[in-house]
Amino acid sequence: MKTRILVSTLAVALLAATASAADSSAAPKQHAFDTKPLGIQLSIKMVGPYMEAADLQIICLFKHKASGDTYQNAATETNEKLGGLLSALRNRGEFVGDLGETFLFTPTKGSIPAKRFMVIGLGKEKDLSLDSIRVVGRVAAREAVRLKAKHVAWAPVIRDEGNSTIEVGLGDRTFVEQFLSAYDTEKRLQAQGLAPKFSIEDCVIEAGPTYFNSAVKQVGEGIESATAELAKRDAAPYASTTK
């Protein structure tokens, strides 16, 4: 009888361990949008900026404060996995964080899965607005094209710097609208022989569990609004042909 009880206990423990392992290895929650504006597969994924195997991972950081910068949750995790690189550059004044300022680096092997990592400055925290996010969206699209990054990922990291000025879903929507607007210009330049051919294949918007549903809803609306606005653009060539 004791042997049977022991075997049963071991079996239950084994099943529990197997289930736990399966849960930990399960794919992160993700919502891919059916519409592919300009050929880009957009999606919302429940991951941090230190988890996605992107060609180009992008985050935003506020302008450095002499009194000290705030790092929480994903911001802390990302900085730690990068060996303190983000805080070192900011503390030394080598990345100021002015609005639209960028710095690009290649993560060390084994740190995070992204091939390249870009930080875009948000400017002073007190000046944060949707216009700040609009600048970031345009810069992100143009830099992705310049760097020929087919697989792009973006995390705002604003909440993770202790700021709640902008609702996360609305910020994501604003980013996507401007990302598509800038990318549309890039594709028009290419079509007119004014830039080398290149296409972004997908863009992942990274969101935490609390903000996932809002991001899905508002980015979906942003895709619709951006598509409608782009359809109104002047189709005439940018440069007139001289003879």
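Coordinate-derived values only; no laboratory data. Note that the structure is a prediction, hence the values are computed from the model and not measured. Counting neighbours? That spans all protein chains shown, and the Cβs are built from the backbone with ideal geometry, glycine included.
Using a basic spin-label model with each label point 7 Å from the Cα along Cα→Cβ, how many nm lie between A228 and E101?
According to this spin-label approximation, the distance is 3.8 nm.
From the phi of every residue in region 186-198, what ³J(HN,Hα) in whole Hz does the Karplus formula 6.51 cos²θ - 1.76 cosθ + 1.60 yield, where θ is phi - 60° and glycine or proline is x?
4, 5, 5, 4, 5, 5, 9, x, 9, 7, x, 5, 6
Give K81/K124; K109/K150; K124/K148; K65/K115; K197/K232 a once-over and call out the pairs whose C-alpha atoms are over 27 Å from each other.
K124/K148; K65/K115
Which stretch or stretches of region 115-147 have amide N atoms under 16 Å from the point lying 7 Å from E94's Cα along the Cα→Cβ direction?
117-119
Given +1 on the Cβ of Lys and Arg, -1 on the Cβ of Asp and Glu, and no further charges, what dipole in debye does region 28-231 carry about its Cα centre, rounded to the nearest 20?
On the way: 25 positive and 26 negative charges, 111 e Å.
Dipole size: approximately 540 debye.
Of all GluC sites (Glu not before Pro) in region 57-121, which ones are in loop regions per DSSP and have a Cβ with at most 13 other Cβ atoms within 10 Å? Please list the in-between numbers first.
On the way: sites: E77, E80, E94, E101; in loops: E94, E101.
Those that pass, being in a loop and sparsely packed, are E94.
Could you work out the local net charge near Q218, counting Lys and Arg as +1, Asp and Glu as -1, over the other residues with Cβ closer than 13 Å to its Cβ?
With Lys, Arg at +1 and Asp, Glu at -1, the neighbours total -3.
In region 160-243, if the dipole is taken from +1 on Lys/Arg beta carbons and -1 on Asp/Glu beta carbons about the Cα centre, which of Q190, T210, A236 is farthest to the positive end?
A236
For region 198-240, which trypsin sites (Lys or Arg not before Pro) are in a loop by DSSP, counting at most 15 other Cβ atoms within 10 Å?
Listed in order of number, the matching sites are K232, R233.
Subtracting the Cα-Cα distance from 0.36 nm times the residue separation, let me have the gained length for R116 to T70 in nm, one decimal. Intermediate results must be reported in sequence, preceding the final value.
Working: separation 46, 0.36 × 46 = 16.56 nm, distance 2.35 nm.
Difference between extended and current length: 14.2 nm.
Over the chain, calculate the relative contact order: mean separation of alpha carbon pairs under 8 Å at least 6 apart, over the residue count, as a percent. Don't skip to the answer; put the middle values down first.
Working: 398 pairs, mean separation 59.8, N = 243.
Dividing the mean separation by the residue count of the chain yields 25 percent.
Count the DSSP beta bridges whose two residues both fall in the chain, then state the antiparallel fraction as a percent rounded to the nearest 5.
Taking every DSSP beta bridge within the chain, about 25 percent pair in antiparallel fashion.
Report the full-extension gain for the segment K29 to N213: residue separation times 0.36 nm, less the Cα-Cα distance, to one decimal in nm.
Here the segment from K29 to N213 would lengthen by 65.2 nm.
Can you list residues from other chains, or at least 5 along the same chain, whose modelled amide H is less than 5 Å from the amide H of I120?
When sequence neighbours closer than 5 places are left aside, the close amide H contacts are I59, C60, L61.
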